[in-house]
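In what follows, a structure is listed as structure tokens, so that the remarks can point back to it.
The values are calculated or read from the model by the stated rules, or taken from the named source; none is laboratory data. Note that the structure is a prediction, hence the values are computed from the model and not measured. Reconstructed Cβ throughout: ideal geometry from the backbone, glycine too, with neighbour counts over all protein chains shown. Surface areas here come from the heavy atoms of the whole protein model, side chains and all, with no ligands, DNA or RNA. Shrake-Rupley method; radii C 1.70, N 1.55, O 1.52, S 1.80 Å.
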Amino acid sequence: MKAAIVAIASLVALTALALLSPQWLVFMAMLALAKGVVVLGLLVLMRTGLVSFGQGLYFGIGAYAAALLSHHLHVADAAVMLLAGAATAGLVAALLGLLLAGYRDIFFAMLSLAFSMILYGVLVKSAALGSTDGFNLHARTFFGVALAPGVERRVFLIAGAVCAVVVALLVHRLLGGHWGRLATGVRDNELRVAYLGASPYRVVYVNYLIAGAMAGLGGALAALAVGHVDPEMTYWTTSGEFVFIAILGGIQSILAPFMAATIFEALRTIASQYAPNVWQMSLGLAMLAIIMFLPAGLWTLAERRRRSA
């Protein structure tokens, strides 16, 4: 009940932001929402004790799937693009997960990174996919309804908010139930989970598939916000951003990824404007402070306040 109330309140707030805010704030909110969805999927995977340094792979696949629909097939419906981004990334995750679910620790992390760098290399060398420049996409309708110039991004933000709320509620239900306890068991003592008759491989595989599909959805949403895709979306620094945001927010709540993604985008925007040559250093200092003073992430501040109330 509490989760539903928070979800409705968040949806109302994001809708108001989409309708009343200037375009630059709508753009920033869309990017934060897209990255929040990706990191929420990463949180699902981290529940099994595994960290992926290659979520840029699915982020890029989702973005390129949406862009290719527009660029090559002349499909200009944003709803179809979002669906295609999540479905394509989920399909690739279903295939790669068959291999990756058998690995643990640093081997899992490095393999996931290797796949994202392979895609980066393919995109950079492929002239048909825009090479290093990428290409643009144009979404002019949503569920068949034509969008007036200037309101597209506002509609996309509302659509993204609905998607984010739905997946957040599903993740909340998943992690709060039997499957969530199984995933925690795999993280804490995989051998004991196997003795109880459950398959740790299947738990890791399903969570990896969910994380991939959510990263694809986030990628498609980011592509709609920017109106352009390029190979940088699959580069290791993009994957590193998702891990950064996960550590920044913590893994205690499904709201933490969205809060951390918003702070990350705001911090990067401000740092880029006032210190364009050293904005990465600002993010590094922020990360250092978080690890030293709030090792479980910013969400611990909300937890402390709730306990003291």
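At 0.36 nm per residue, minus the direct Cα-Cα distance, what do GLN252 and ALA79 gain on full extension? Give it in nm, one decimal, please.
Numbers: separation 173, 0.36 × 173 = 62.28 nm, distance 3.10 nm.
Roughly 59.2 nm would be gained on extension.
Using only C-alpha positions, report the orientation-averaged shadow area of the convex hull of segment 1-111, nm², one decimal.
Answer in nm², one decimal: 9.2.
So what is the diffusion coefficient of segment 57-104 in µm² per second by Stokes-Einstein at 4 °C and 1.567 mPa s, using a Kirkwood Rh over Cα pairs? Write out the running numbers ahead of the final one.
Working: Rh = 11.3 Å.
Answer from the Stokes-Einstein relation: 115 µm²/s.
Quick one: give the max-minus-min coordinate of the C-alpha atoms of segment 90-170 along each principal axis, largest first, in Å.
So the three principal-axis extents are 48, 40, 18 Å.
For VAL162 and ALA194, calculate 0.36 nm times their separation in residues minus their Cα-Cα distance, and state this gained length in nm to one decimal. Please report the intermediate quantities before stating the final value.
On the way: separation 32, 0.36 × 32 = 11.52 nm, distance 3.74 nm.
Full-extension gain reported as 7.8 nm.
Can you give the translational diffusion coefficient of segment 157-232 in µm²/s, computed by Stokes-Einstein from the Kirkwood radius over Cα pairs at 10 °C and 1.306 mPa s? If you can, show how the numbers build up before the last one.
Values: Rh = 14.4 Å.
Result for D is 111 µm²/s.
List the equivalent ellipsoid semi-axes of the chain in whole Å, largest first, each obtained as the square root of 5λ for an eigenvalue λ of the Cα gyration tensor.
Working: eigenvalues 164, 114, 82 Å².
Equivalent-ellipsoid dimensions as semi-axes: 29, 24, 20 Å.
Report the FRET efficiency, 1/(1 + (r/R0)^6), for THR237 and ASN136, where r is their Cβ-Cβ distance and R0 is 25 Å, rounded to 0.05. Don't skip to the end; give the middle numbers.
Details: r = 22 Å, r/R0 = 0.89.
The computed FRET efficiency comes out at 0.65.
If you place +1 on the Cβ of every Lys and Arg, -1 on the Cβ of every Asp and Glu, and leave all else neutral, what size is the dipole of the chain about its Cα centre, to the nearest 20 Debye?
Details: 18 positive and 11 negative charges, 182 e Å.
Computed about the Cα centre, the dipole is about 880 debye.
Among the complete DSSP H segments of the chain, which ones combine at least 30 Å of alpha-carbon extent along their axis with a mean Kyte-Doolittle hydropathy of -1.0 or more?
Working: long enough: 23-46 (34 Å, 2.18); 78-100 (32 Å, 2.31); 105-125 (31 Å, 1.80); 152-175 (34 Å, 1.69); 200-226 (39 Å, 1.33).
The answer, listed by residue number, is 23-46, 78-100, 105-125, 152-175, 200-226.
Can you give me the Kirkwood hydrodynamic radius for segment 69-218, using every pair of distinct Cα atoms, in Å to one decimal?
Values: mean 1/r = 0.0558 Å⁻¹.
The Cα-based Kirkwood calculation yields 17.9 Å.
Using every alpha carbon pair in segment 162-309, what percent of pairs falls into each 10 Å bin from 0 up to the bin containing the largest distance?
Over segment 162-309, the share of Cα pairs per 10 Å bin runs 9, 30, 35, 20, 5, 0 percent.
Between SER282 and SER126, what is the label-to-label distance in nm when each label sits 7 Å out along the Cα-to-Cβ direction?
3.5 nm
With a probe of 1.4 Å, find how much accessible area the chain has per residue, and write the answer as a whole number in Å².
Values: 14780 Å² over 309 residues.
That works out to 48 Å² for each residue.
Using a 1.4 Å probe over the heavy atoms of the protein chains, calculate the carbon and sulfur portion of the accessible area of the chain as a whole percent.
Working: 10470 of 14780 Å².
Percent of accessible area from carbon and sulfur atoms in the chain: 71.
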